[in-house]
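J.: Have a look at the structure that comes next, please.
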Amino acid sequence: MSTAEKTFSKGLEGVIAAQTEMSFINGTEGILEYVGIAIGDLASKSSFEETVFLLWNKRLPTQSELEAFTKDLRSHYSLCDAMKTRITSCPIEAEPMHVIRTMISSMAMDDSSPNENSVEAAREKSMRILAKTPAIVAAFDRHRRGLEAIDGDPSLSFAANFLYMLNGEKPTDAMIRAFDICMITHADHGLNNSTFAARVVISTLSDVYSSITAAVGSLRGPLHGGANEGVMKMLNQIPSVDAAEDHVMNMIKNKERIMGFGHRVYKSKDPRASELMTLAKQLAEDTGNIEFYDKSNAIEQVMEREYAAKGIYPNVDFYSATTYHCIGLKLDLFTPMFVLARIAGWAGHVIEQLEDNRLFRPTTDYVGPHDAPYVSIDDR
Ligand code: CMC
């Protein structure tokens, strides 16, 4: 490509940097499909396990395939002793996202062939990372509460097992289903920043652990997966439903970003926000947290009035905050929940990248000086 043909797009907006068969997004009409299936259908009819199979195989499984896939996933639920020791050596003040990033990176040391990058090996490593990350989150949270880690229970689904390992008791069916829907809706989303990070790293033929570790580091940023924690902080700062309007108007006046709103791709309401809004309302009613839902709704109405013309609507993080709060999760576990789900997408993209790899190596538009004199240090 000649220099004249090269264009600069800040933040790579509008640049097509990869092909995928996993998720399709129409940001104008608010459509999200995984392998052609509408997110709403998957949220209401599928399970997280089936959704992961779909993303990794580009088709829905038969009953026996789903059983085999689930059995494989469940066989990796628990952590080895070395990993448990590493988790209990983390300072209890550490942020869970830093612990997760470090622990996923450390999983390479428990693998006898961490650098093997065949598609088959990448699938196996992905299965282990997907199965064990919930145990990492639960074990660290228990460690900081002075409690022993609980081993995974292979009779439980991915969603049920995480809540069981975290709380030490079997969750209700309603909680399991709510958590499962959160996992489905967060599983994949085109070439978002963390997925791009994962694909960039694996394109060097580094290794799956490095790739997923980089993605975790990207996701924790407040403009990406960290926004759900920002939403909850805002909801906590607003003392009542009636105070929501003034609070948001003040933020707008001060040119602050309202977390949980806006998206690079969606210029209409994020379809995941619509799914999670319904879920959040139901859960809020069931758990006596309706005030959080009502505050969210009041914020959405102000934002609709002030920002809809600019194409700024609620994104996935807006109602996931209330949902996670109602499930009983601590604030700093909100972004980790995004990790648990998005490993499905990251791993699927790593596999796609390995299947047809070319090194990512964009270029820069140099805007500095030329022919500058080298001034010796004594003369500067
Ligand atoms: N609140 C107030 N103004 C906003 C917001 C917001 N949430 N989002 C965008 N804008 C304004 C922004 O100030 C700018 O205005 P102007 O043109 O007057 O300078 C304009 O919209 C364009 O903003 P941008 O940052 O150039 O657009 P982007 O495509 O890079 O934005 C975004 C995408 C997600 C970074 C941004 O909407 C944002 O910061 N949102 C808040 C954080 C958030 O909720 N992130 C989660 C995203 S969805 C889940 C995920 O991917 O992790």
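The values are calculated or read from the model by the stated rules, or taken from the named source; none is laboratory data. Just so we're clear, the structure is a prediction, and the values are computed from it rather than from any experiment. With ideal geometry, Cβ positions are generated from the backbone for all residues, glycine too; neighbour counts draw on all protein chains shown. What goes into the accessible areas is simple: the full protein's heavy atoms, side chains included, and nothing from ligands, DNA or RNA. Shrake-Rupley method; radii C 1.70, N 1.55, O 1.52, S 1.80 Å.
J.: Suppose accessible area is computed on protein heavy atoms with a 1.4 Å probe; arrange TYR374, TYR164 from highest to lowest. Before the final figure, lay out the partial values.
T.: Working: TYR374 190, TYR164 50 Å².
Descending order: TYR374, TYR164.
J.: Just need the relative contact order of region 227-327 here, percent rounded to a whole number, with Cα pairs under 8 Å and 6+ apart. Before the final figure, lay out each step's value.
T.: Numbers: 130 pairs, mean separation 43.5, N = 101.
Worked out over region 227-327, it gives 43 percent.
J.: I've got another one for you. Please state the equivalent ellipsoid semi-axes for the chain: what are the square roots of 5 times the Cα gyration tensor eigenvalues, largest first, in whole Å?
T.: On the way: eigenvalues 200, 174, 101 Å².
The three semi-axes for the chain are 32, 30, 22 Å.
J.: Can you pull the Kirkwood radius for region 138-283, inverse mean 1/r over Cα pairs, to one decimal in Å? Can you show the working numbers first?
T.: Working: mean 1/r = 0.0548 Å⁻¹.
By the Kirkwood definition, the hydrodynamic radius is 18.2 Å.
J.: Just for the chain, what percent of DSSP beta bridges are antiparallel, to the closest 5?
T.: Values: 7 of 8 bridges.
The antiparallel proportion sits near 90 percent.
J.: Any idea of the accessible area per residue across the chain, 1.4 Å probe, to the nearest Å²?
T.: On the way: 18100 Å² over 380 residues.
Per residue, the chain has 48 Å² of solvent-accessible surface.
J.: Have a look at region 267-306 and give its Rg and Dmax from the Cα atoms, expressed in angstrom.
T.: In order Rg, Dmax, the Cα atoms of region 267-306 give 10.9, 33 Å.
J.: Can you give the extra length, in nm with one decimal, that the chain gains between LEU205 and ALA38 once fully stretched, where that is 0.36 nm per residue apart less the Cα-Cα distance? Walk me through the intermediate numbers first.
T.: Values: separation 167, 0.36 × 167 = 60.12 nm, distance 3.28 nm.
Answer, rounded to one decimal: 56.8 nm.
J.: Could you tally the net charge around MET22, taking each other residue with its Cβ under 11 Å from the Cβ of MET22, Lys/Arg +1 and Asp/Glu -1? List each step's numbers first, then the result.
T.: Details: positive: LYS58; negative: GLU21, GLU33, ASP188, GLU352.
Once positives and negatives cancel, what remains is -3.
J.: Under the Kirkwood approximation for Rh and a Cα-based Rg, what ratio Rg/Rh is obtained for region 227-327? Before the final figure, lay out each step's value.
T.: Values: Rg = 12.4 Å, Rh = 13.3 Å.
Result: Rg/Rh = 0.94.
J.: In debye, nearest 20: dipole of the chain around its Cα centre with unit charges on the Cβ of K, R (+) and D, E (-)?
T.: Working: 38 positive and 51 negative charges, 76 e Å.
Using only the charged Cβ atoms, the result is roughly 360 debye.
J.: Rounded to the nearest 20 Debye, what is the dipole magnitude of region 168-298 about its Cα centre when Lys and Arg each give +1 and Asp and Glu each give -1 at the C-beta?
T.: Numbers: 14 positive and 16 negative charges, 130 e Å.
Magnitude of the dipole: close to 620 debye.
J.: Also, I was wondering about something else. Tell me what the chain gives for mean residue ellipticity at 222 nm when only DSSP H runs of n ≥ 4 count, each as -39,500 (n - 2.57), the sum divided by the residue total, rounded to 500 deg cm²/dmol. If you can, show how the numbers build up before the last one.
T.: Numbers: 16 runs with 209 residues, N = 380.
Helix-only estimate at 222 nm: -17500 deg cm²/dmol.
J.: A follow-up question, please. If you wrap a convex hull around the C-alpha atoms of region 215-285 and split its volume per residue, what is the figure in Å³? Provide the component values of the computation, followed by the final result.
T.: On the way: hull volume 9.2 nm³, N = 71.
Hull volume normalised by residue count: 129 Å³.
J.: If you don't mind, another one. Would you pull out the residues with amide H under 5 Å of PHE261's amide H, same chain only if 5 or more places away, H placed 1.01 Å from N?
T.: When sequence neighbours closer than 5 places are left aside, the close amide H contacts are ASN315.
J.: Treating cross-link reach as a plain straight distance, find the lysines whose alpha-carbon is under 17 Å from the alpha-carbon of LYS295, omitting any fewer than eight places away in the same chain.
T.: Cα-Cα hits under 17 Å: LYS233, LYS281.
J.: In whole angstrom, and with the biggest value first, how far do the Cα coordinates of region 255-380 range along each principal axis?
T.: 71, 43, 32
J.: Within 10 Å, count the other beta carbons around each residue, average over each peptide in 67-76, 208-217, 277-286, and list them highest first.
T.: Values: 67-76: 15.6, 208-217: 25.5, 277-286: 19.0.
So the peptides 67-76, 208-217, 277-286, ranked by packing, come out 208-217, 277-286, 67-76.
J.: Could you look at the chain and say what percent of its accessible area is carbon and sulfur, using a 1.4 Å probe and all protein chains? Show your work: numbers first, answer last.
T.: Details: 9310 of 18100 Å².
Looking at the chain in its full context, I get 51 percent from C and S.
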